[in-house]
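To start, the structure under review is shown below, and the notes come after it.
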Amino acid sequence: MKSVLRKGLKRKIIFTLGFLLDVYQELSVRNYYQKLYSPLYERTTITETLSRMSKTGEIEKKLINNTPVFCISTKGLKLLDEIIPLKNLSDKPWDGLWRIVIFDIEEKEKHIRDLIRRKLKSLGFAMWQESVYLTPHPIAEEMNEFLEEKNLIPRCICFEAKQPNVFSSTDFTENLFNLDVLKFSYNKLNNAVLLIMTDYKDKNINRDEAFKSLAGLMEKFQNLLMKDPFLPKELIPDFVERDTTQKTFSRISKYIAKT
């Protein structure tokens, strides 16, 4: 049980430093502990985990204005890619191709269908029709390697196709990935963070209570990011909700830490 908790804490640290790095550049190690604190983690567990990660090179300790702070390392960024593998793909220009997976697996082999769906989900595919999944990310090779390894070809195939010009790529993507729901979730989370700021300024909550509330919302933010398809900007040019929420976390966390 303890090793499971440590693994969860390690992931939390990597995520927090990877997405909210600027929050911690001016915070002391003590405040870092305070932000990460949860009833699941004893302070000694946090201390030992940070120390171990520093020794293995997953995070780095630096002095900024004579204050020790932690930063994510190159090795830590690779771990972040394992936690949220689609993050880096969103920075690559879209090549105009869709990766399509079609499978025909009998219901009596439900375990195989579930195996395929889990893999598709991890690679950012969305269901277009039953047993037909699509993604714009260039991961056809990885998917086909998986299918060959599991001896699923030709019952399950992955191929690339160019989208016809008869409909809009952006409209198609909005519907395929239910982006309205994703945008709503980010906006709801962003508003919750802003409400903490209001309550803190109005003295309805103290600093410790504000940190505790922010920590809970950061957990929700992490879960939301893990569901985010991180689509290419060409397909969702007006999608700003993720970045807005991230900046709100950074700005308000820093403000509360300084006051």
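Just so it is clear, none of the values below were taken in a lab; they were calculated from the coordinates. Remember, predicted model here, so these are calculated numbers, not experimental data. Every residue, glycine among them, receives a Cβ derived from its backbone with ideal geometry; neighbour counts consider all protein chains shown.
Quick notes on this one:
- Computed extension gain for W128 through E149, at 0.36 nm per residue and net of the alpha carbon distance, reaches 5.1 nm.
- Here the contact order of the chain, divided by its residue count and restricted to Cα pairs under 8 Å and six or more residues apart, works out to 22 percent.
- Neighbour-count ranking [beta-carbon atoms within 10 angstrom, fewest first] of L123, L77: L77, L123
- Sites R11 and L195, calculated FRET efficiency, Cβ-Cβ separation with R0 30 Å, nearest 0.05: 0.65
- Label-to-label distance for K121 and T74 is 3.5 nm, based on points extended 7 Å past Cα in the beta-carbon direction.
- Estimated inter-spin distance, R251 and Q163, nm [label 7 Å along Cα→Cβ]: 3.1
- Think of it as helices only: each DSSP H run of n ≥ 4 in the chain is worth -39500 (n - 2.57), and spread over all residues that comes to -18000 deg cm²/dmol at 222 nm.
- With contacts taken as Cα pairs under 8 Å at a separation of at least 6 residues, region 97-162 carries a relative contact order of 53 percent.
- Computed packing ranks the peptides 133-144, 215-226 as 133-144, 215-226, most packed first, by mean other Cβ atoms within 10 Å.
- As a rough footprinting exposure proxy, the listed residues Y255, Y200 were ranked by other beta carbons within 10 Å of their own, and the order from fewest upward is Y255, Y200.
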